[in-house]
């Protein structure tokens, strides 16, 4: 159920990214370093200029590797464009890229391009980057049939990979910890619910909520040795 709506957001982001980037740079210029942000930003104080360019290079290398993989597997869509046009248009390419790669792609765009895409979702670039990063981690858990109800997104160094504190945390009056961070809805399953609220259409979000409520009620009927509130707490859901 969660994967279904993650994929809906993924498709919407891919469409917006492919359209806006291609409008600015053309369909085939996603392998050009100069079309990405290679300047170290104020919040990236520990990065050097070389490391920043290295990040963009790593993104481009990953895209090239994926194209090569698809050609080796005789993907008809990718093969057609490479043989006929000599390149794969971005609007075609995004269909084979993972959400993690799309997240890195957006994260390395120039800020003006990030803004153009982010405004479609009414999100600032730093919010969008964090949301996509957490969403991609949970997507990976879903597609590998891994448990997600008590899963928390973390970075490679083990630190929490969290979404930005936003208006939803305030509206839901979620309790804050000593560091003034919400104790729920940052890198847990409830964070994904918040992402759905921010990035899905109203109708899709309502359908999701109805389905989720039904599933919780079904689980509650079957519990004998544990309270549903305990399960919801593990999921990061506030008591209300």
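Here, each number is a calculation from the coordinates, and none is a lab measurement. This is a predicted model, so every value here is computed, not measured. Because the Cβ atoms are built from the backbone with ideal geometry, glycine has one as well, and the counts that use them run over all protein chains shown.
Let me spell it out: the conditions are (1) within 21 Å of the chain's Cα centre (by Cα); (2) surrounded by 15 or more Cβ atoms within 10 Å (Cβ to Cβ); (3) over 16 Å from residue 112 (Cβ atoms), and residue 16 meets all of them except one. Which number is the exception?
(3)
Give me a count of the residues in region 93-126 that are closer than 18 Å to residue 22 by Cβ and without any contact (Cβ under 8 Å) to a residue 40 or more places away in the chain.
Adding up the residues that qualify gives 6.
Condition test on residue 131, is it within 12 Å of the chain's Cα centre (by Cα) and touching a residue at least 60 places away in the same chain (Cβ under 8 Å)? Break it down into steps so the answer makes sense when it comes.
Details: within 12 Å of the chain's Cα centre (by Cα): yes; touching a residue at least 60 places away in the same chain (Cβ under 8 Å): yes.
Yes: the conditions hold for residue 131.
So residue 193 ticks every box in (1) under 18 Å from residue 240 (Cβ atoms); (2) more than 14 Å from the chain's Cα centre (by Cα); (3) not in a loop (DSSP other than H, G, I, E, B) but one. Which box is left unticked?
For residue 193, the exception is condition (2).
If I filter region 158-170 for residues that are farther than 24 Å from residue 52 by Cα, surrounded by 18 or more Cβ atoms within 10 Å (Cβ to Cβ) and out of contact with any strand residue (DSSP E or B) (no Cβ under 8 Å at 6 or more places or on another chain), do I get at least one hit? Give the steps one after another, and end with the answer.
From region 158-170, those farther than 24 Å from residue 52 by Cα are 165-170; that's our starting set.
Retained after the next criterion (residues that are surrounded by 18 or more Cβ atoms within 10 Å (Cβ to Cβ)): 166, 168-169.
From the residues that got through so far, the ones that are out of contact with any strand residue (DSSP E or B) (no Cβ under 8 Å at 6 or more places or on another chain) too are 166, 168.
So far as region 158-170 goes, yes, one or more of its residues are farther than 24 Å from residue 52 by Cα, surrounded by 18 or more Cβ atoms within 10 Å (Cβ to Cβ) and out of contact with any strand residue (DSSP E or B) (no Cβ under 8 Å at 6 or more places or on another chain).
Listed here are the residues, each with its yes/no results for (1) exposed (fewer than 11 other Cβ atoms within 10 Å of the Cβ); (2) more than 24 Å from the chain's Cα centre (by Cα); (3) within 23 Å of residue 103 (Cα to Cα).
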residue: 151; (1), (2), (3): no, no, yes
residue: 173; (1), (2), (3): yes, yes, no
residue: 183; (1), (2), (3): no, no, no
residue: 205; (1), (2), (3): no, no, yes
residue: 218; (1), (2), (3): yes, yes, no
residue: 227; (1), (2), (3): yes, yes, no
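Might you check whether a residue that is out of contact with any strand residue (DSSP E or B) (no Cβ under 6 Å at 6 or more places or on another chain), assigned to a helix (DSSP H, G or I) and surrounded by fewer than 16 Cβ atoms within 10 Å (Cβ to Cβ) occurs anywhere in region 37-48?
Applying the first criterion (out of contact with any strand residue (DSSP E or B) (no Cβ under 6 Å at 6 or more places or on another chain)) to region 37-48 yields 37-48.
Restricting the remaining residues to those that are assigned to a helix (DSSP H, G or I) gives none.
For region 37-48, residues out of contact with any strand residue (DSSP E or B) (no Cβ under 6 Å at 6 or more places or on another chain), assigned to a helix (DSSP H, G or I) and surrounded by fewer than 16 Cβ atoms within 10 Å (Cβ to Cβ): absent.
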